[in-house]
Amino acid sequence: MEGLRLSRSIVGSGEGDAVRRVIEENGYLGMGSEVQAFENELAAYLGVAQGDVTCVNSGTAALHLAVLACLPEGGEVLVPTLTYVASFQAVRMAGAIPIACDVLPESGLIDLADAKKRVTPRTRAIMPVHYASNPGDLEAVYAFAREHTLRVIEDAAHAFGNTYKGRKIGAAGDVVCFSFDGIKNITCGEGGALVSRDPAVTALARDARLLSVENDTEKRYAGARSWDFDVTRIGFRYHMSNIMAAIGRAQLKRLDGEFAPARRALSRQYRQRLKHHPDIAFFEADLEEMVPHIQPVRVLNAKREKLAEHLKKNGIPTGMHYKPNHLLTFFAQSGPPLPVAEQLAREIITLPLHPGLSENDVTLICDEIERGLQP
Ligand SMILES: *Cc1c(COP(=O)(O)O)cnc(C)c1O
């Protein structure tokens, strides 16, 4: 199986045309009207008001600004340990402390019973991660947050295009952060967005992405710049460029009709083929509501290394989402152990999943998985 990829960007002539349009017609490659148009299209897609969406240059930047806006005095944020290190670094970048929480074995999502044990007088927020595109019981997360008076910052990097109870992820909730990096459900090359109905959060994010130059967003959308301005707080260089937005606009048009059904069909095929295998366990998923970004599975009976080796030998790349963050030197913590995440970390393997895969590819991958697990 030559040239098989674990994940990849699916871009073509539509994205190429969009970039050419910015270069040849707009002529302004930085942040301008193209970003405004993308934000408005994202707002319409998600079903939120214009102005509730703020585009930035990465998902990590969106999370950083969200934490900064929600925790002006710092404090602690409850984060599931089974996530990309971006979630943890974003909290630290904002001067807050990520508190690693254990996860549920059936979904890899934050275990609220474990999180409850880690609540202190300094806890200010919870950051649920929609691992493998599953938002899980979001209502329970919001109920937990109300009970402990916490902000909720959703790391929805895997879940762009998903619905929850019939509404898009991002259509409701406190602060919701998306990533448009090269391999996410849609891409801008790199990029991200923060969605919130809290005007204090969006006002901070819109200024802080432009070095906190006051109202620079409005100026740039009108094709102008600020020269006589004030700055009253720390700021960053996090804005999205017109080039990135143009790619994102082309990708957004392809999501529901092309990318989402392809990802769902491939994920469904893996499940149907392998769900009865004694050495494989799938995480819970409602594929009606999800646009699956990655395809992790648990390999039981201590056979993960053997399987990974077999697949590699046969040209099938695999991944591991994720090494738990509390096992990283910088994020080591004291407190109760996190046994479920550590068990999952010994079992998880991520199988290839992207819209460039064919049904035949998945059949061949499953054949090799069965072969690799033979006694
Ligand atoms: C991709 C990702 C991010 C960060 O997004 P970037 O755009 O790469 O900065 C954050 N959290 C999770 C779970 C991710 O997968």
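The values are calculated or read from the model by the stated rules, or taken from the named source; none is laboratory data. None of these values were measured; they are calculated from a predicted model. We place every Cβ from the backbone using ideal geometry, glycine too, and count neighbours over all the protein chains shown. When the accessible area is computed, the model is the full protein with side chains, heavy atoms only, and any ligands, DNA or RNA have been set aside. Shrake-Rupley method; radii C 1.70, N 1.55, O 1.52, S 1.80 Å.
Considering every residue within the stretch 10-30, establish whether at least one is under 30 Å from ILE365 (Cα atoms) and of a type in the set (S, T, N, Q).
yes
Restricting attention to the stretch 76-90, which residues are more than 8 Å from the ligand (Cβ to nearest atom) and either open to solvent by less than 20 Å² (accessible area, probe 1.4 Å) or part of a strand (DSSP E or B) (or both)?
Those that are more than 8 Å from the ligand (Cβ to nearest atom) and either open to solvent by less than 20 Å² (accessible area, probe 1.4 Å) or part of a strand (DSSP E or B) (or both): GLU76, VAL77, LEU78, VAL79, PRO80, THR81, LEU82, PHE88.
Within the stretch 60-86, work out how many residues are small (Gly, Ala, Ser) and closer than 18 Å to GLU342 by Cβ.
Total meeting the criteria: 0.
Can you tell me which residues in the stretch 289-301 are in contact (Cβ under 8 Å) with a residue 40 or more places away in the chain and either out of contact with any helix residue (DSSP H, G or I) (no Cβ under 8 Å at 6 or more places or on another chain) or in a loop (DSSP other than H, G, I, E, B) (or both)?
Residues satisfying the conditions are GLU289, MET290, VAL291, PRO292, HIS293, ILE294, LEU300.
Can you tell me which residues in the stretch 199-234 are without any contact (Cβ under 8 Å) to a residue 40 or more places away in the chain, of a type in the set (D, E, K, R) and in contact with a strand residue (DSSP E or B) (Cβ under 9 Å, 6 or more places away or on another chain)?
ASP216
Only one of ALA44, ALA69 is more than 16 Å from the ligand (Cβ to nearest atom), part of a helix (DSSP H, G or I), open to solvent by 10 Å² or more (accessible area, probe 1.4 Å) and free of Cβ contacts under 8 Å to residues at least 24 places away in the same chain. Can you tell me which?
Step by step, each of ALA44, ALA69 is checked, and only ALA44 is more than 16 Å from the ligand (Cβ to nearest atom), part of a helix (DSSP H, G or I), open to solvent by 10 Å² or more (accessible area, probe 1.4 Å) and free of Cβ contacts under 8 Å to residues at least 24 places away in the same chain.
I need the full set of residues from the stretch 207-221 which are open to solvent by 40 Å² or more (accessible area, probe 1.4 Å) and not aliphatic (A, V, I, L, M), in order please.
Listed by number, the residues that qualify are GLU214, ASN215, GLU218, LYS219.
Is there any pair with a first residue in the stretch 249-265 that is assigned to a helix (DSSP H, G or I) and a second that is open to solvent by less than 20 Å² (accessible area, probe 1.4 Å) and aromatic (Phe, Trp, Tyr) whose Cβ atoms are under 6 Å apart and which are 6 or more apart or on different chains, and what are they?
ARG249/PHE38
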